Amino acid sequence: MKVFLLWHIHELTDDFGTHDEEKLIGVFSSSKIANDTIQKFKNLDGFRDYSLDCFMIEEYEVDKPTNWTEGFSTVRWTE
């Protein structure tokens, strides 16, 4: 079974620097429902201030790992 995660991601600069501001809008059973949701959200406060390119749909297979299958490591930044 596949699911479709709908994200809104845009670049944000604040006191901590520039980073991605990510919002998970929802998890949907079809890409059509995810796309229909974009049409509903694109004119809402906040969302309308950004390009449609900020909406991203990711497809995932349920019960199947997609990331970190070989572990992970932590990188610490120093200045």
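Miscellaneous remarks
- Carbon/sulfur fraction of accessible area - the chain, other protein chains in place, 1.4 Å, %: 51
- As a length-normalised measure over Cα pairs under 8 Å and 6 or more apart, the relative contact order of the stretch 1-46 settles at 38 percent.
- Residue-normalised accessible area of the chain, expressed per residue, 1.4 Å probe, Å²: 84
- Proximal lysines relative to K40, as straight alpha-carbon distance under 27 Å, when same-chain residues fewer than 8 apart are discounted: K2, K23, K32
- Probe 1.4 Å - accessible area at E59, Å² to nearest ten: 100
- Of the peptides 63-70, 39-46, 22-29, the order by per-residue mean of other Cβ atoms within 10 Å, starting with the highest, comes out as 22-29, 39-46, 63-70.
- Per residue, the average separation of C-alpha pairs within less than 8 Å and at least 6 apart gives the chain a relative contact order of 38 percent.
The values are calculated or read from the model by the stated rules, or taken from the named source; none is laboratory data. Not measured: the values here are computed from a predicted model. For neighbour counting, all protein chains shown are included, and Cβ atoms are generated from backbone atoms with ideal geometry for every residue, glycine included. In case anyone asks, the SASA skips ligands and DNA or RNA and just uses the protein heavy atoms, side chains included. Shrake-Rupley method; radii C 1.70, N 1.55, O 1.52, S 1.80 Å.
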